[in-house]
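Values in this text are rule-based calculations from the coordinates and carry no lab data. Everything quoted here is computed from the prediction, not taken from an experiment. Don't worry about glycine lacking a Cβ; one is built from the backbone with ideal geometry, like all the others, and counts go over all protein chains shown.
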Amino acid sequence: MDPLKKKFAEKAAALKTEMKAFSKEHGHKVVDEVKLSQVFGGMRGVKSMIWETSQLDAEEGIRFRGYSIPELKEKLPKADGGKEPLPEGLFWLMLVDEIPTQEEVKWLSAEWEKRSDVPPYVFDALDALPKDTHPMAQFSIAASALQTESIFSKKYAEGLNKNDYWDATYEDSMNLIAKLPRIAAYIYRRVYHNGNHISPAKGQDWSANYAHMLGIEDADFKSLMRLYLTIHADHEGGNASAHTVHLVGSTLSDAYLSFAAGMNSLAGPLHGLANQEVIKWIFAMVESLGTTKPSDEAIEKYINDTLASGRVIPGYGHAVLRKPDPRFTAQKVFAEEYIKDDDYVNIVWQLFNIVPRVLGALGKVKNPWPNVDAHSGALLVHYGLKEYSYYTVLFGVSRALGVLSALCWSRALGFPLERPKSMTYKAMQALV
Ligand code: HAX
């Protein structure tokens with residue numbers, strides 16, 4: 001058994017026993033009350049799920065296994081000579097609740113490289129699609145096509161003991177994560193570079209190899225990718241993509257189909273697609289104002305025009321957060337260190353000074369601050385990755401780390417089929 005799997009098996013067995021006793025003893029206790037406004041309002045804040053890998057605080061933002069993003073930047077292993085955390089380290093931390101050593105992370109990079117071959121029929125499936133199929137649709141289709149690789153599905157069909165669900169889910173998750181950069185880069189080169197594909201490099205970390213296959217060798221871009229793929233990985237369990245993977249996974253759909261479902265959810269403009277919408281909106285603003293160095297006044301007018309046309313300001317607002325998103329801040333810190341005087345980065349910072357005041361003045365927006373998607377586009381454009389329809393795929397590759405480590409936990413802890421209660425309006429009227 002590999003060292004990560006061994007650690008996971010030990011921790012999961014212990015926690016399963018503990019949780020079973022805990023739930024038996026305290027099962028009758030009330031953890032929440034649900035207001036009618038929450039039933040009508042997208043279930044905001046309803047406590048209804050266990051998610052071990054990260055937790056979101058409205059004021060502080062995300063903590064992964066208790067660590068904030070600045071703490072992760074300090075404590076997680078880095079690539080040789082690099083300053084940004086390796087996402088391999090975050091996956092390890094989320095899965096077994098321990099900060100890995102440099103050697104452990106090196107092992108994981110090599111293990112994912114070993115598992116990274118993608119069967120040719122997945123590329124054939126992608127090549128059969130019209131080139132203008134949205135990259136997120138292509139990504140989801142490729143993840144579903146890979147399902148023939150599922151060890152869980154094969155073993156389940158043969159009669160898998162429920163105590164071994166976690167083992168097959170771990171293998172599927174490791175294999176899928178290992179293959180995602182290859183698939184994602186294939187989609188990018190197919191759509192935007194005439195199918196001029198780049199073979200994987202040997203001996204690189206997960207992010208650097210992904211950057212290489214995209215065709216961007218700049219060392220700073222590789223650093224950005226390490227940071228990007230770390231900070232987008234998880235945002236507790238209730239967000240739409242994570243919750244979708246959790247829900248679909250609870251039917252014992254395997255990791256491939258559960259992940260594909262989550263990607264369909266990430267592809268909505270109120271969720272992950274916001275990262276493409278932000279830069280698209282900034283490009284349109286620059287075009288409309290006729291300058292890449294617009295004044296604050298011109299920007300404010302553009303914001304007001306957008307709102308007056310009944311649209312949202314992409315990259316601002318959040319269902320849970322009530323302060324600037326630390327994932328936005330981490331990207332701003334990166335830009336301050338690596339990027340000097342870039343027009344689009346400057347516009348993102350101007351927006352940060354203007355949008356919260358304008359949204360705040362509307363009186364209805366609960367969180368006028370930037371979220372994770374407000375900054376990423378300008379960074380990617382800086383390094384030459386300008387094709388914004390692709391951006392949500394990058395988010396999706398990262399999100400795999402969180403949702404699949406959480407799926408391993410769900411299988412190991414034996415979580416049941418998810419099945420909340422719905423009501424008709426008439427029944428709700430009768431109740432109140
Ligand atoms: N611009 C304009 N209006 C906004 C707004 C924004 N950025 N954010 C919220 N509002 C509006 C809502 O549309 C709602 O208006 P109505 O009452 O007229 O319907 C009102 O303010 C109250 O909304 P809220 O309670 O503050 O926010 P929600 O929890 O309902 O929604 C959203 C949260 C993220 C969907 C919302 O803030 C939004 O649409 N933001 C822009 C899109 C975006 O950036 N999405 C990415 C979010 C982060 C993420 O998941 N990344 O992947």
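A simple spin-label model places the labels of Gln55 and Lys16 2.4 nm from each other, with each point 7 Å out along Cα-to-Cβ. Treating r as the C-beta distance of Lys35 and Lys83 and R0 as 41 Å, the FRET efficiency rounds to 0.35. Between rounded, prolate and oblate, where does region 63-121 land on the alpha carbon gyration tensor, with a ≥ b ≥ c its root eigenvalues, rounded for a/c under 1.5, else prolate if a/b exceeds b/c? Here region 63-121 falls in the prolate category. Summarising the amide proton neighbourhood of Ser54: residues at separation of 5 or more, or on other chains, whose placed amide H is nearer than 5 Å comprise Arg65, Glu236. Quick check: from the Cα gyration tensor, does region 1-148 come out rounded (a/c under 1.5), prolate or oblate? In terms of gyration-tensor shape, oblate.
Electrostatic tally near Ala406: other residues with Cβ closer than 11 Å to its Cβ, Lys and Arg +1, Asp and Glu -1, net -1. Computed from backbone phi with θ = phi - 60° and the Karplus coefficients 6.51, -1.76 and 1.60, the 3J(HN,Hα) list for region 223-232 is 5, 4, 4, 5, 5, 4, 6, 7, 6, 8 Hz; x is used for glycine and proline. Computed over the alpha carbons of the chain, Rg followed by Dmax gives 21.8, 66 Å. Can you classify region 1-47 as rounded, prolate or oblate using the Cα gyration tensor, where a ≥ b ≥ c are the square roots of its eigenvalues, rounded means a/c under 1.5, and otherwise it's prolate if a/b beats b/c and oblate if not? Because a/c hits 1.5 or more and a/b fails to exceed b/c, region 1-47 counts as oblate.
When the charge dipole of region 346-411 is built from unit charges on Cβ atoms (+1 for Lys and Arg, -1 for Asp and Glu) and taken about the Cα centre, the candidate among Leu351, Ala361, Val403 whose Cα reaches farthest toward its positive end is Ala361. Tell me, in nm to one decimal, what length is gained between Lys114 and Lys131 on full extension, where the rule is 0.36 nm per residue of separation less the Cα-Cα distance? Residue separation times 0.36 nm, minus the Cα-Cα distance, leaves 3.1 nm.
Taking every alpha-carbon pair under 8 Å whose residues sit at least 6 apart, region 81-182 reaches a relative contact order of 31 percent. Based on DSSP H segments of at least four residues, each scored -39500 (n - 2.57), the chain has a per-residue ellipticity at 222 nm of -19000 deg cm²/dmol. Between region 34-105 and region 243-273, the C-alpha centres lie 18 angstrom from each other.
For region 132-272, the number of Lys pairs separated by eight or more positions or lying on different chains, with C-alpha atoms closer than 21 Å, is 6.
For region 14-89, applying the loop criterion from DSSP together with a ceiling of 16 other beta carbons within 10 Å to the trypsin sites (Lys or Arg not before Pro) yields Lys29, Lys35, Arg44, Lys47, Lys83. For region 277-328, the list of trypsin sites (Lys or Arg not before Pro) that fall in a loop by DSSP and count at most 14 other C-beta atoms within 10 angstrom reads Arg311, Arg322. The separation of region 119-194 from region 400-432, counted between C-alpha centres, amounts to 25 Å. The GluC sites (Glu not before Pro) found in region 47-131 that occupy coil by DSSP, while having at most 14 further C-beta atoms within 10 Å, are Glu59, Glu60, Glu98.
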